[in-house]
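A.B. asks: Provided herewith is a single structure, encoded as structure tokens, for subsequent inquiry.
What follows is calculated from the coordinates using simple rules that are stated; it is not laboratory data. What you see is a predicted model; the values in this text were computed from it and never measured. As a convention, Cβ positions derive from the backbone with ideal geometry for all residues, glycine included, and neighbour counts pool all protein chains shown.
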Amino acid sequence: MFKILQLLVVAVSGIWAADYMAIPEDTFVECTDGPPGSIPMHEAFQVDNLGAEVVPEGIYVSGNATTIWNFPRTDRLSARISIFHYNRGTWEPTVFNVVTRDVCSTIFDKNTYWYTSWFQNLLNADEIKEKCLITKDTVLVYNPFLLKLRADNIIGPPLHGRYKAVIIFEAFDENNVRRPTSLCCEFRAQVERIRN
């Protein structure tokens, strides 16, 4: 009996899956409430040569960015993305979070968000494998690509309204001690359901 109930729950859950599209308000702005010692994107990366144009399908990215911050290559770079929902004047946390303990070792893993969204589009992948994102003057050269702001087959209560992604990069030394400087930026968007 329990197996039949499990099968029924799985089957019905698949029916409730929905696709969503994020319509950007602001891209990679300074965090409103970042961790102590956090810096915005433009203090960690020189992005004057990086184009980011909002188009109906997502964000069209082209050009290059150069690292400004500088940590030893032996440091571990950690990343965390947390999604918040704006409700009655307050940003409330959601269950949607991504934590990557060691970004440098996973950015070229084809099964990760980092690769499929950002790093598969690099022209100079070998240099980035060697220097990662923490060595000063490393240039990330991108083939032009479309960053799709779409989430497919999301199961759960319906999503709607304003959301923001808070993206934090932190460096840890060889003794696993957090460096005092971290990067924190936000991406805000209106989320709409595009398919039931």
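A.B. asks: Local charge sum around Ala79 (other residues, Cβ-Cβ under 15 Å, Lys/Arg +1, Asp/Glu -1)?
C.D. replies: Numbers: positive: Arg76, Arg80, Arg101, Arg178, Arg179; negative: Asp75, Asp102, Asp109, Glu170, Glu186.
Here the charged neighbours net out to 0.
A.B. asks: Please report the antiparallel percentage of the DSSP beta bridges confined to the chain, to the nearest 5.
C.D. replies: Values: 58 of 60 bridges.
About 95 percent, rounded to the nearest 5.
A.B. asks: I've got another one for you. Among Phe108, Thr90, Trp118, whose Cα sits farthest toward the positive end of the charge dipole of the stretch 87-130 (+1 at Cβ of Lys/Arg, -1 at Cβ of Asp/Glu, about the Cα centre)?
C.D. replies: Positive-most Cα among the choices belongs to Thr90.
A.B. asks: For the chain, list the cysteines whose Cβ sits under 4.7 Å from no other cysteine Cβ?
C.D. replies: So, Cys185.
A.B. asks: Quick check on the exposure proxy: order Ile107, Ile83 from fewest to most C-beta atoms within 10 angstrom.
C.D. replies: Values: Ile107 23, Ile83 18.
The order, fewest Cβ neighbours first, is Ile83, Ile107.
A.B. asks: Next question. Report, in debye and to the nearest 20, how large the dipole of the stretch 49-123 comes out about its Cα centre when Lys and Arg carry +1 and Asp and Glu carry -1 on their Cβ. If you can, show how the numbers build up before the last one.
C.D. replies: On the way: 6 positive and 6 negative charges, 47 e Å.
It comes to approximately 220 debye.
A.B. asks: Right, next: With just the Cα atoms defining each centre, how far is the stretch 29-45 from the stretch 169-195? Give it in Å.
C.D. replies: 9
A.B. asks: Now for a different question. If you build a Gaussian network model of the chain, linking Cα atoms that sit under 10 Å apart, which residue out of Gly89, Gly34, Gly58 swings the most?
C.D. replies: Gly89
A.B. asks: Once you charge only the Cβ atoms, +1 for Lys and Arg and -1 for Asp and Glu, what is the size of the charge dipole of the chain about its Cα centre, to the nearest 20 debye? Don't skip to the answer; put the middle values down first.
C.D. replies: Values: 19 positive and 23 negative charges, 140 e Å.
Computed charge dipole of the chain: roughly 680 debye.
A.B. asks: Cross-link candidates for Lys164: which lysines have Cα within less than 30 Å, leaving aside residues fewer than 8 places away along the same chain?
C.D. replies: Lys110, Lys129, Lys131, Lys136, Lys148
A.B. asks: Something else about it: Give the residue from Gly51, Gln190, Ala18 lying farthest towards the positive end of the charge dipole for the chain; charges sit on Cβ (+1 for Lys and Arg, -1 for Asp and Glu) and the dipole is referred to the Cα centre.
C.D. replies: Result: Ala18.
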